[in-house]
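Note sheet for the following structure.
The values are calculated or read from the model by the stated rules, or taken from the named source; none is laboratory data. Predicted, not measured: the structure shown is a model, and the values here were computed from it. Glycine also receives a Cβ, built like all others from the backbone with ideal geometry; neighbour counts cover every protein chain displayed.
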Amino acid sequence: METGGSKSTAEFLQRTRTLLGLIIEEIGKNKFNSMIGLVDRIELMKKELYDDYETAKAREKRLGKEARAQEIQAKNATLGKKVKEHPVSKGMRGRGEASFYKVTCKDNGRGMPHDDIPDMFGRVLSGTKYGLKQARGNFGLGAKMALIWSKMSTGLPIEISSSMKGQNYTSFCRLDIDIHRKNVTIRFARRTDVMPPVPVETKHHPSSVDLLLIKRLIGETSKQNLLQFLQHEFVNIPKSYSEWLIEMGPEFSPKLAVKSLTSQQIVCIHQLFRHAKFDDPSGDIIALYI
């Protein structure tokens, strides 16, 4: 007596894929055209993919050439001459060592939310058409069957990139499928369990500022004199170096009110920053994402 059992939807479709009305290995051109809504509108963009295809005229020409070559080889053999191996003609060439092809499918749809991609592509009978709402749903078996067939034939996962309007990022998923548990396997190995420290705000480095930024800092600073301004509003300018910069400038003094600087004096500060040498900024403020 046979015991009862259950199968996942993915495993059922994998074993009985002919129920879908086609066998993926033996799908014909007319059937394919009717499936995707195109009738006699498919243009072969890369004919070099079909180098193993041979017309009747080309076959007749090839056979004639091979027959003549065989006659020459037979004559050479009777005369004791060295017989050369006849190379395999282009028409008889096979598909090489490649056991499968990489297929990329693109569309101009609205995209999918990042969290929904695994279910939409990797979970059979998962969709958005189960609610009573008039809308174009995301239910279908095409992508799931492609993933199942990829699992059966190559064992490789599929890669999906999707983005929605208004997003400033593109979602990327590498999906496999477990046909026995009706579940999707997301191949994303976590590299760390420790979050990096939050980046902290830093001051401007004097070698990277321009005139407009210096003017803005002067307008926003709470420091009273030029010495305090140079020392506290920029990085890598200690007190001794601030005093040296002030000595290099015309009509500068440590007690000079920073709010009273003229445009010409601000230009002079900018030129001093460009010609002076400063230590490199510290890397402690950078958050490393490992």
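Would you tally the residues in the stretch 240-277 being surrounded by 12 or more Cβ atoms within 10 Å (Cβ to Cβ), in a loop (DSSP other than H, G, I, E, B) and under 51 Å from the mean Cα position of the chain (by Cα)?
1
Among the residues of the stretch 197-234, how many are over 15 Å from Ile269 (Cα atoms) and in contact with a strand residue (DSSP E or B) (Cβ under 9 Å, 6 or more places away or on another chain)?
Looking only at that region, the number is 2.
Go through (1) at pLDDT 60 or above; (2) over 16 Å from Cys173 (Cβ atoms); (3) surrounded by fewer than 10 Cβ atoms within 10 Å (Cβ to Cβ) for Asn76 and report which single condition fails.
Against the list (1) at pLDDT 60 or above; (2) over 16 Å from Cys173 (Cβ atoms); (3) surrounded by fewer than 10 Cβ atoms within 10 Å (Cβ to Cβ), Asn76 comes up short only on (3).
Being part of a loop (DSSP other than H, G, I, E, B) and not hydrophobic (A, V, I, L, M, F, W, C) is the filter here, so list the residues in the stretch 152-177 that pass it.
Thr154, Gly155, Pro157, Ser163, Lys165, Gly166, Gln167, Asn168, Tyr169, Thr170
Within the stretch 243-276, track down each residue that is out of contact with any helix residue (DSSP H, G or I) (no Cβ under 8 Å at 6 or more places or on another chain), farther than 15 Å from Gln231 by Cα and not hydroxyl-bearing (Ser, Thr, Tyr).
The answer is Gln264, Gln265, Cys268, Gln271, His275.
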